[in-house]
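Derivation of every value follows stated rules applied to the coordinates shown; laboratory data play no part. Quick caveat: nothing in here was measured; it's all calculated off a predicted structure. When we count neighbours, we look across all protein chains shown, and the Cβ atoms used for this are built from the backbone with ideal geometry, even at glycine.
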Amino acid sequence: MNVWFYTFGCKVNQYETELLKQNFERRGHTFADSVASADACVINTCTVTAQSDIKLRQLIRRIRRENPEAVVALCGCHPQAHGDVSEAVKEADVAVGTENKQRLSELVENFVETRSKTVEIEPSRREYPALEALIHGSRKTRGIIKIQDGCDRFCSYCIIPYARGRSRSKPLDAIVQEAKTLAESGHKEIVIVGINLSDYGKGTGSSIVDAVEAVLKSGVMRVRLGSLEPEELTEDIIDRLAGLHGLCPHFHLALQSGCSKTLKEMRRKYTAERYRELVGHLRLRFPNCSITTDIMVGFPGETDADFCESLEFVKEISFADAHIFPYSRRNGTPAAARADQISEEIKAKRAAIMAQAVEASRDAFLNSLVGSVQQVIFEREKAPDFHQGHSDGYQLVKVKRFTDTLFREAGYVRITSAENGCLWGEIIQR
C-alpha cells in the first residue's frame, strides 16, 4: 500500500509517527505524498484540547471527500481517551489507542482483506514497551527520542493521564542504543521527550540527568530537553545538568498560570513563587539561557484579578517565548464539571492580552542577542535566498545563502539583527 501519515500534537506524537512509518515500511509499504495518492491514511491523534478533536473530524471528512476508497486509520490519545463513543472513531475503518500502535500496520492490512472495521483499545500498561525503538533516523535535522510515557499528576483540567496511563520510563541502555542510531544517521542534535519528561526514572533510581548523560554518550553534538514540569525540577538537578557539556541552554518549563490561587485549583504541585525560584536558579547556572513556557488563560473561576496577577508574573519572568492557549473543557476531568466556566469571548480577550506581553518579552530577548555569537545547526533548505537553522537556545537564525545547502551542518553565527521573531547573522566559522 501507499500510506499517507498525519500527526496531531506534540513531539512525542512526532516520534511515534516515525515508529509507525518504520513498521509500515518493514512490511513492504511505501509513503504517499498526499491524500489523493494514498491507499491508506494514518492519523496519529491528540486530544489535549477540544479544538484538536474538531480538527480530527474535519480531517477525516476531507479524506473521505478527496479519496473515498482510502482506508482511514486512527491511533493514539483520542481513541484511548474517548473509545468507541467518539464520532471520529465511528467514522474510521481502523482505530487503536496508545498501547497498541505497533499493531496498526497489521490491522490496516486485515481491513483491506476483510473490509471489517476494527477497534482495539487496551488499558494502559504499567511497564515501558520493550520493543519501542527507532532503527533508523528520521529525515529531519533534529532526532527525537521518547524516553518516558504517561503521567501521574492528574491536573484538574487534563485528560492526558487517561489517554497515556501512568508514568513509566525507557531503560537507560535502550536510550543509549537509540541515540547511537540517530547519531550514526547524521543527526547532530537529539531532543529527548516524554509526556511528563521531568518524571523520568521515577521508581528506578535514575533521573532526567542520567537520561541526558546517556544520550550524550552517543557522540551527538548537542542534546535538547523537551517540556519540563516544575514540580520534579530541583536545584540539585539543575546543578547536575549545568555540568553536562552539550546540553542546550533552552528550558521549556511549563507554567500554566502565574497566579498561585489558580495553580492550586488546577492541582498543579507548585506555586508561582517556587516557579520564580527555579527560573532564578536556571539563569544562575545557565547565564542567558532561553526559557519558554505554556500559559493557560480562562481556567474556570479565573477572575480578572487572577488573570492580572498571572499577566504581571509573565511580564516579570520575561520568557523567550510562550505558547498561549485558552482553557479547553474536557469531559471527564474535574474542571469540566465546575459551574464557573469562563466565556469564550473573555478567554479570547485574555489570550490576546497575554500574547502581547509574551511578544514584547520575546522581542526583548532576541534583541539582547544581537552582537553575540550563536552555535547554529542548519536545517533543510526552504528558501532560495537564505539558509536557516536553530541556535542552541532554539532561536530561529537566518544567514544569506551562499552555497547549495548547509543541511545538518553546524556553524557559529554572529547575530547582526533581530526581525519578525527571528535572528539574522553572518557565519564566522563552519
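Within the same chain, lysines fewer than 8 places from Lys269 are excluded, and of the rest, those with a Cα less than 23 Å from its Cα are Lys202, Lys261, Lys315. Above 21 Å, the calculated P(r) of the range 148-279 contains 43 percent of its Cα-Cα pairs. Between amide H atoms placed 1.01 Å from N, distances below 5 Å from Val96 occur with Leu74, Cys75, Gly76, Glu120, all of them 5 or more places distant or on a separate chain.
Exposure proxy ranking for Lys180, Lys101, based on other Cβ atoms within 10 angstrom of each Cβ and starting from the fewest, stands as Lys180, Lys101. When the chain is treated as a GNM with alpha-carbon contacts under 10 Å, the residue of Ala357, Ala95, Ala335 showing the greatest mean-square fluctuation is Ala357. For the range 227-237, the Karplus equation 6.51 cos²θ - 1.76 cosθ + 1.60, evaluated at θ = phi - 60°, returns couplings of 5, 10, 9, x, 5, 9, 8, 10, 4, 5, 5 Hz by residue, with Gly and Pro reported as x. Residues in the range 184-197 carry Karplus couplings, in order, of 5, 7, x, 6, 9, 9, 10, 9, 9, 10, x, 5, 9, 4 Hz; the curve used is 6.51 cos²θ - 1.76 cosθ + 1.60 with θ = phi - 60°, and Gly or Pro positions show x. Counting Lys and Arg as +1 and Asp and Glu as -1, what is the net charge of the other residues whose Cβ lies under 11 Å from the Cβ of Leu366? Residues near Leu366 contribute -3 overall. For Phe31, nonlocal amide neighbours, meaning residues 5 or more places apart or on other chains whose placed amide H falls under 5 Å from its own, are Val3. Counting beta carbons within 10 Å around each of Tyr6, Tyr327 and listing the fewest first gives the order Tyr6, Tyr327. Scanning the chain for cysteines with no neighbouring cysteine C-beta under 4.7 angstrom from their C-beta gives Cys10, Cys41, Cys46, Cys75, Cys77, Cys151, Cys248, Cys259, Cys289, Cys308, Cys422. Note on the chain: with a GNM built from Cα contacts shorter than 10 Å, the maximum mean-square fluctuation among Lys55, Lys170, Lys382 falls on Lys382. For q = 0.09, 0.10, 0.11, 0.12 Å⁻¹, what log10 I(q)/I(0) does the range 142-367 give under the Debye formula with an equal point scatterer on each alpha carbon and no solvent? Computed log10 I(q)/I(0) values: -0.39, -0.48, -0.58, -0.69. Per-residue 3J(HN,Hα) values for the range 316-324, derived from phi via the Karplus relation 6.51 cos²θ - 1.76 cosθ + 1.60 with θ = phi - 60°, read 5, 5, 6, 5, 6, 5, 7, 9, 10 Hz in sequence order (x marks Gly and Pro).
Among Gly28, Gly280, Gly201, the largest mean-square fluctuation in a Gaussian network model of the chain (Cα springs under 10 Å) belongs to Gly28. Bridgeable lysines around Lys21 (alpha carbons under 16 Å apart, same-chain partners fewer than 8 residues away excluded): Lys11, Lys101, Lys140, Lys146. The order of Cys248, Cys422, going from fewest to most other C-beta atoms within 10 Å of their C-beta, is Cys422, Cys248.
For Leu423, the residues 5 or more places off, or on other chains, whose built amide H falls under 5 Å of its own are Leu396, Val397, Lys398. When the helices of the chain are scored as -39500 (n - 2.57) per DSSP H run of n ≥ 4 and the total is divided over every residue, the value at 222 nm lands at -10500 deg cm²/dmol.
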